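In what follows, a single structure is set out as structure tokens and then discussed.
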Amino acid sequence: MALVDTGKAIGAVANLLIARLGKVAGVSVGRPEQARNGPRLNLFLYESGFDATLRNYPLDEGQPPPLWLVLKFLMTAFDAANESDSPEALEVLGQGLAALQQNSYLRFAGEGINIVAPLADNPEDLKITFDTADSDLLSKVMQGTDEKYRYSVGFQVRPVMIAAAEPASYSLLVGINYNAVPPGIIGEGGIKLSVIPSLGPVISTIEPSKFEVGAVVTIKGTDLHLSGLSVSLGPIDLPVVSQTTDTLTFEIVSAVANGNDISPGSYAVAVVQTLPTGKRRPSNVLVGNLLPTLNTAVIAGAVLVDSLDPLKRFATINLTGVLLGKRDDDCFLALYRDGETLRLLDNFTDEATPAPPPRVPAQSAKSLEMVSEESVPVGDYRVIYRVNGQQARSSPVISLTP
């Protein structure tokens, strides 16, 4: 989608609210006194503001930030006689509140292009929160000869992005002659660096900063072409895959997954030069984050019923993967569903082993035995797994159903 479509975002939010509330009753948008043909819900956009937490938040670093709006609505209900304060109207209003609460995160997947196009580029989830609509607010909004005081409920939608359609400006690429028509590649001939005697490698960035076993990681800096270089990741050394003057790559080799040398976590990363004397000259350090790899999460044995609540279940969950953590590491598992975490668990038993032996490699399997006090409502859950503050990229689904 194009950023120019975000200019229609306010109307798209109104249409999205109509789609969500339309399952309860008819929906109109405008001043409450204009509502007709009840029973229905009326939405009135009475105020907007700018999100203070995102005021200077750009879509891309170094670019001007877009507008981040907070839209404030009043929702009023009407019965078949177009009255807003009758028991029938209040029933419709309660149903509308339940629909908004159910859609506290406004999803627009599957909606029409008039809704998707203006909202698809918004990197933030649209969130509904309820506001206090006291008598002072309602009296100020509902005033005039044709208006009367009507009981209403206030809520807001945030953050709604409106961005300029102009193209972003970026720095020109090094090694390109932009004075030629068309621009030509001149490579290292366009690089002008002062040369000084080397005191060893200096590193500035690491990409990506989070990586799993098997990943190839790029380090940028100066004097990375020197001989005898290796990369230290916490307690282990890793071989260099390729190197140039300002770029070096290394691989998180599978040998580190033996489970004994290192666990997931945040570690100091340095490029180390081994001198002819055998001494090691390290660079400055950056932080690299070694992630666990979660391959499978499965229910072991039967799913058990909570004796105190027959609608809840618990079970033993077996995990397999790479670098799932040692016994003294900070490991926990979260059961996630419907936008929230229902249970955090860390009571891992001994690492799972195949039958018969030999044992699986260390940190490649874990078993978590839930107890009845940790039971959760029946349903499917995503398994989120973290070790020493680092979260596995994969989140398998398990089913805690009868």
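Just one of (1) buried (at least 22 other Cβ atoms within 10 Å of the Cβ); (2) in a loop (DSSP other than H, G, I, E, B); (3) within 32 Å of the chain's Cα centre (by Cα) trips up SER84, so point out which. With respect to (1) buried (at least 22 other Cβ atoms within 10 Å of the Cβ); (2) in a loop (DSSP other than H, G, I, E, B); (3) within 32 Å of the chain's Cα centre (by Cα), SER84 is out only on (3). Hey, can you tell me all the residues within segment 224-245 that are surrounded by fewer than 19 Cβ atoms within 10 Å (Cβ to Cβ), over 16 Å from SER209 (Cβ atoms) and either under 28 Å from the mean Cα position of the chain (by Cα) or of a type outside the set (S, T, N, Q) (or both)? HIS225, LEU226, GLY228, PRO235, ILE236, ASP237, PRO239, VAL240, VAL241, listed by residue number. I'm trying to understand the selection: among the residues of segment 1-43, which are surrounded by 19 or more Cβ atoms within 10 Å (Cβ to Cβ) and farther than 20 Å from ILE128 by Cβ? Passing the criteria: ASP5, ALA35, GLY38, PRO39.
Quick grid of which residues meet (1) surrounded by fewer than 18 Cβ atoms within 10 Å (Cβ to Cβ); (2) assigned by TED's automatic domain parsing to the domain that holds LEU54; (3) not in a loop (DSSP other than H, G, I, E, B):
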| site | (1), (2), (3) |
| --- | --- |
| VAL92 | no, yes, yes |
| GLN95 | yes, yes, yes |
| LEU100 | no, yes, yes |
| PHE108 | no, yes, no |
| GLU111 | yes, yes, no |
| ASN114 | yes, yes, yes |
| PRO118 | no, yes, yes |
| GLU124 | yes, yes, no |
| ALA133 | no, yes, no |
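Condition (residue is more than 29 Å from PRO201 (Cβ to Cβ) and surrounded by 13 or more Cβ atoms within 10 Å (Cβ to Cβ)) applied to segment 260-274: is it met by at least one residue? Within segment 260-274, none of the residues are more than 29 Å from PRO201 (Cβ to Cβ) and surrounded by 13 or more Cβ atoms within 10 Å (Cβ to Cβ). Applying the condition of being exposed (fewer than 11 other Cβ atoms within 10 Å of the Cβ) and either among the basic types (Lys, Arg) or at pLDDT below 65 (or both) to segment 186-206 and asking which residue is farthest from ASP223 (Cα to Cα) yields LYS192. Residue pairs, Cβ under 9 Å, 6 or more apart or interchain, first in segment 115-131 and without any contact (Cβ under 8 Å) to a residue 40 or more places away in the chain and closer than 9 Å to ARG158 by Cα, second surrounded by 17 or more Cβ atoms within 10 Å (Cβ to Cβ) and among the aromatic types (Phe, Trp, Tyr). List them. Once the first residue is without any contact (Cβ under 8 Å) to a residue 40 or more places away in the chain and closer than 9 Å to ARG158 by Cα and sits in segment 115-131, its partners that are surrounded by 17 or more Cβ atoms within 10 Å (Cβ to Cβ) and among the aromatic types (Phe, Trp, Tyr) give ILE128/PHE155; THR129/PHE155. Filtering segment 136-185 to residues that are among the hydrophobic types (A, V, I, L, M, F, W, C), at pLDDT 80 or above, out of contact with any Phe, Trp or Tyr (no Cβ under 6 Å at 6 or more places or on another chain) and part of a loop (DSSP other than H, G, I, E, B) leaves only ALA163.
Among the residues of segment 309-317, is any among the hydrophobic types (A, V, I, L, M, F, W, C) and under 25 Å from GLY265 (Cα atoms)? Yes, some residue in segment 309-317 is among the hydrophobic types (A, V, I, L, M, F, W, C) and under 25 Å from GLY265 (Cα atoms). Among the residues of segment 269-299, those identified as at pLDDT 90 or above and either closer than 16 Å to LYS366 by Cβ or out of contact with any strand residue (DSSP E or B) (no Cβ under 7 Å at 6 or more places or on another chain) (or both) are LEU291, PRO292, THR293, LEU294, ASN295, THR296, ALA297, VAL298, ILE299. For beta carbons closer than 7 Å, sequence separation of 6+ or different chains, a first residue in segment 254-272 that is at positive phi and a second that is assigned to a loop (DSSP other than H, G, I, E, B), the qualifying pairs are GLY259/PRO361; GLY259/ALA362; GLY259/GLN363; GLY259/SER364; GLY265/ASN388; GLY265/GLY389.
Counting only strands (runs of 3 or more DSSP E) wholly contained in segment 1-81, the ones carrying 3 or more residues that are more than 21 Å from PHE108 (Cα to Cα) occupy 40-50, 67-78.
Each residue in segment 219-244 was checked for being farther than 22 Å from SER266 by Cα and in a loop (DSSP other than H, G, I, E, B), and 7 of them qualify.
Condition test on LEU90, is it within 25 Å of the chain's Cα centre (by Cα), hydrophobic (A, V, I, L, M, F, W, C) and at pLDDT 90 or above?
Details: within 25 Å of the chain's Cα centre (by Cα): no; hydrophobic (A, V, I, L, M, F, W, C): yes; at pLDDT 90 or above: yes.
No, not satisfied.
Checked against (1) at pLDDT below 90; (2) surrounded by fewer than 19 Cβ atoms within 10 Å (Cβ to Cβ), GLY325 passes all but a single condition, namely (2). I'd like to verify a number: residues in segment 245-272 that are under 27 Å from GLU188 (Cβ atoms) and in a strand (DSSP E or B), how many? Here the count works out to 9. Of the strands (runs of 3 or more DSSP E) lying entirely inside segment 273-324, those containing at least 1 residues that are within 33 Å of the chain's Cα centre (by Cα) span 286-290, 293-305, 312-322. Tally time: how many residues in segment 363-399 are in a strand (DSSP E or B), at pLDDT below 90 and within 24 Å of GLY339 (Cβ to Cβ)? Total satisfying the criteria: 1.
The values are calculated or read from the model by the stated rules, or taken from the named source; none is laboratory data. Computed from a predicted model, the values in this text were never measured in an experiment. Every residue, glycine as well, gets a Cβ built from its backbone with ideal geometry; the counts of neighbours run over all protein chains shown.
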